[in-house]
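Input: a single structure, listed below in structure tokens.
The values are calculated or read from the model by the stated rules, or taken from the named source; none is laboratory data. If you're wondering where the values come from, they're calculated on a predicted model, not measured in any experiment. Backbone-built Cβ (ideal geometry, glycine too); neighbour counts: all protein chains shown. In case anyone asks, the SASA skips ligands and DNA or RNA and just uses the protein heavy atoms, side chains included. Shrake-Rupley method; radii C 1.70, N 1.55, O 1.52, S 1.80 Å.
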Amino acid sequence: FLHAQFAYQNSLMESVQRFMMKKTEEMTKEIQSGKIQMSFKVGSVGLDNVELLDEIKDMNAFTIDWSNIIDYFSKTDFLEMAEAASSEDTVHYIHLMNWVNCYKGASVF
């Protein structure tokens, strides 16, 4: 693990725990100072929920992590949703989880 602020001491577990605690404290300070804003909302994202997609777009998000939602939409529908939620510079992250169901030999037990 290469990171300028990561220092290995005693054990990997202790080192990672110390690093993550420090990063969590730094993020907490950023939130408390108002530099980072977080909002939580429960909703179903989809092409039929234009209000939610507009709300996401209005946040002018720098990044959107869609988790594995792409596994449950067609490529066309997902890209349309991502575009509807994007600002000019939004970076999108996806996590493809179900691809092993499409390729023989991808998962052998």
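Please compute the length gained on full extension between D89 and S15, using 0.36 nm multiplied by the number of residues separating them and subtracting their Cα-Cα distance. Provide the component values of the computation, followed by the final result.
Working: separation 74, 0.36 × 74 = 26.64 nm, distance 3.47 nm.
Length difference between fully extended and current span is 23.2 nm.
Dipole size in debye (nearest 20) for the chain around its Cα centre, Lys and Arg Cβ +1, Asp and Glu Cβ -1? Display every interim value, and only then the final one.
Numbers: 9 positive and 16 negative charges, 138 e Å.
For the chain, the charge dipole is close to 660 debye.
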Scoring the chain by relative contact order with C-alpha pairs under 8 Å, at least six apart, yields a percentage of 21
Connecting every pair of Cα atoms under 10 Å apart in the chain and solving the GNM, the largest mean-square fluctuation among V45, V16, V91 falls on V16
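In nm, what is the difference between 0.36 nm times the number of residues separating V45 and T28 and their Cα-Cα distance? Show your work: numbers first, answer last.
On the way: separation 17, 0.36 × 17 = 6.12 nm, distance 2.80 nm.
The V45-T28 span can extend by a further 3.3 nm.
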Filtered hits (aspartates and glutamates, Cα-Cα < 15 Å from K35, offset >= 8 within chain) -> E25, E26
Candidates for volume of the Cα convex hull per residue in Å³ are (1) 187; (2) 107; (3) 136, and the calculated one carries label (1)
Ranking A85, M59, M13 by how far each Cα lies towards the positive end of the charge dipole of segment 9-109 (+1 on Lys and Arg Cβ, -1 on Asp and Glu Cβ), the top one is M13
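Return one whole number: the accessible area per residue of the chain in Å², for a 1.4 Å probe. Show your work: numbers first, answer last.
On the way: 9140 Å² over 109 residues.
With all protein chains present, the chain gives 84 Å² per residue.
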Which of S86, S67, S11 fluctuates most in a GNM of the chain (C-alpha springs under 10 Å)? That residue is S11
Check: C-alpha center segment 36-71 vs C-alpha center segment 13-34, spacing in Å is 25
On the accessible surface of the chain, probed at 1.4 Å with all protein chains in place, carbon and sulfur together account for a percent value of 57
